[in-house]
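Structure first, commentary second.
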Amino acid sequence: MRLCILRLPAQHGARGYRAALCTQLTQPLLVQDLPAPRLQPRQVRVRVHYSGLNFADILACQGLYQEKHAPPFTPGMEFSGTVMETGENVSAVKEGHRVIGVTGISAMAEECVVDEKALWQIPDNVSSEDAAVLPVAYGTAWLALHHRAHLQPRETVLVTAGAGATGLAIIDLAVSVFQAKVIAAAGSDPKCQLVLANGASHAVNYSQNSLREQVTALTGGRGVDVAIEAVGGDIFKAVLQSLAWEGRIVVMGFAGGKIPSIPANLLLLKNVSAMGVYWSRYQQEDFPLFSSAMSSLLQYGREGKIRPYIGAVFKLEEVNEAFNHVLQRKSTGKVIISMK
Ligand SMILES: NC(=O)c1ccc[n+]([C@@H]2O[C@H](COP(=O)([O-])OP(=O)(O)OC[C@H]3O[C@@H](n4cnc5c(N)ncnc54)[C@H](OP(=O)(O)O)[C@@H]3O)[C@@H](O)[C@H]2O)c1
């Protein structure tokens, strides 16, 4: 997908706000003025400070994401910001509160309107930049490690795309909160150095050497207890084969573009469990769990236990450069869009 910056003229009359807009799938996003909608009784209008860029946003703008959106739409599923206005029945937040929020789309904009249930207050000692990293990257990491894999202290975790947004969140939570050890796999030596600087015990460059052989050597032939897999294709199979007896593998994504199949004999031989994690589905299917993940993450932030890693900040007008930065595999950690 070739991307460039376009800007449409502001509409006359109504109060508006700037937003990134996907008007045609696979085409560059536009930055356009949109009219501010009226609030429903339980809705909140938030002045967005930062919106997290996720791989899913790119897939959605290509029409390749599992949740389809018809253009025109504003991408962006998470943000940090300040409450501007509340609907008449809102009680959870007040004007001026700093919040993080989740929304299927529409967060890559100066303003976002969401239900009060989709907002959580940011503790005073957590910056708006760091808070913007928590919902998707840390939320997925928490659900994968804690809720799905039931990670235990002193267990060993293998994570692929380890220098990515979710990869670094997995390393941070696994080490700092769940007291586990992490082997992080990534696609270049600088990315390997980054994961080591951010808490991984070992790094494996899977673009150069056999992932399975390296993990076997690092674990003395035992394998890892838990694997969180984000790349797919042949990497998935190598990770599956790197599990220890009664190991657990969590399918998180397919950044490499190929959805793998699971040879069932590999599950049987070592009594292995394979499972998936899909962060946003928990918001609909198990909101109390989803919300407790968010509250736990904000609490870790308040206690200084976690250190979100932001690799790049782009302005709203640079949203297409931000998409390209991730697409071209140049990004490390979280990429966020600043509305300032
Ligand atoms: N299931 C869920 O709820 C959930 C939530 C969040 C993310 N995810 C998924 O998890 C994966 C990682 O997400 P993220 O937000 O951490 O992404 P990210 O920060 O953009 O990292 C993606 C990484 O994937 C690796 N990669 C391997 N092959 C690639 C390719 N062909 N093109 C681009 N990247 C490639 C790259 O790392 P290397 O160069 O080191 O290989 C890249 O840095 C994505 O597939 C995403 O959709 C799923």
Point to revise | Top of E116, E213, E229 by mean-square fluctuation, Gaussian network on the chain, Cα under 10 Å | key: E213
Practice item. Per residue, how big is the convex hull around the C-alpha atoms of region 88-191? Give it to me in cubic angstrom, could you? Key: 148
Exercise for review: Return the whole-Å distance between the Cα centroid of region 295-322 and the Cα centroid of region 234-285.
Suggested key: 27
Check your understanding: What Kirkwood hydrodynamic radius do you get for region 240-288 when you take the inverse of the mean 1/r over all pairs of distinct Cα atoms, in Å?
Key -> 12.5
Practice item. Any of K191/K305; K258/K330; K117/K330; K117/K258 with alpha carbons more than 30 Å apart? Name them for me. Key: K117/K330; K117/K258
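Report the local net charge at A255: Lys and Arg +1, Asp and Glu -1, summed over other residues whose C-beta lies under 14 Å from its C-beta.
Working: positive: K191, K258, R329, K330; negative: D57, E229, D234.
Value of the local net charge: +1.
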Practice item. Please grab the % of Cα pairs in region 26-125 that end up more than 20 Å from each other. Key: 38
Point to revise | Placed amide H near S106: partners under 5 Å, 5+ positions off or other chain | key: T74, G76
Check your understanding: Which one of S291, S261, S201 has the biggest mean-square fluctuation once the chain is modelled by GNM with Cα springs under 10 Å?
Key -> S261
Study note, to complete from the structure: With +1 at each Lys and Arg Cβ and -1 at each Asp and Glu Cβ, the charge dipole magnitude of the chain around its Cα centre, to the nearest 20 debye, comes out at 340
Point to revise | Debye, to nearest 20: dipole size of region 19-99, +1 on Lys, Arg Cβ, -1 on Asp, Glu Cβ | key: 140
Point to revise | the chain: most fluctuating residue of A217, A107, A36 per GNM, C-alpha cutoff 10 Å | key: A217
Point to revise | Calculated from backbone phi, Karplus (6.51, -1.76, 1.60) coupling profile of region 136-147 in Hz, x at Gly/Pro | key: 7, 5, 6, x, 5, 4, 4, 5, 5, 6, 8, 7
Practice item. Please tell me the relative contact order of region 17-149 in percent, rounded to the nearest whole number, where contacts are Cα pairs under 8 Å and at least six residues apart. Key: 28
Review point. What are the extents of the Cα atoms of the chain along their three principal axes, listed from largest to smallest and rounded to whole Å?
Key: 68, 42, 34
Practice item. Within region 58-124, list the trypsin sites (Lys or Arg not before Pro) lying in a DSSP loop whose Cβ has at most 16 other Cβ atoms in a 10 Å radius. Key: K68, K94
Check your understanding: Taking only C-alpha pairs under 8 Å that are 6+ residues apart, what is the relative contact order of the chain in percent?
Key -> 17
**Study point:** Degrees separating the helix 165-176 axis from the principal Cα axis of the chain, which is the longest one
**Key:** 60
Check your understanding: Can you give the helix-only mean residue ellipticity at 222 nm for the chain, where every DSSP H stretch with n ≥ 4 adds -39500 (n - 2.57) and the sum goes over all residues, rounded to the nearest 500 deg cm²/dmol?
Key -> -7500 deg cm²/dmol
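Which order do the peptides 147-154, 276-283, 181-188 come out in when sorted by mean C-beta neighbours inside 10 angstrom, highest first?
181-188, 276-283, 147-154
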Check your understanding: What is region 136-279's relative contact order, in percent, from Cα pairs under 8 angstrom and six or more apart in sequence?
Key -> 22
Exercise for review: Have a look at T166, I183, A131 and report the one farthest towards the positive end of the charge dipole of region 105-184, computed about the Cα centre with Cβ charges (Lys/Arg +1, Asp/Glu -1).
Suggested key: I183
Revision key, fill the gap. Taking the reciprocal of mean 1/r across every pair of different Cα atoms in region 136-279, the Kirkwood radius in Å is 14.4
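Read the figures in this text as sums done on the coordinates, not as results from a lab. Note that this is a predicted model, so its numbers are computed, not measured. Don't worry about glycine lacking a Cβ; one is built from the backbone with ideal geometry, like all the others, and counts go over all protein chains shown.
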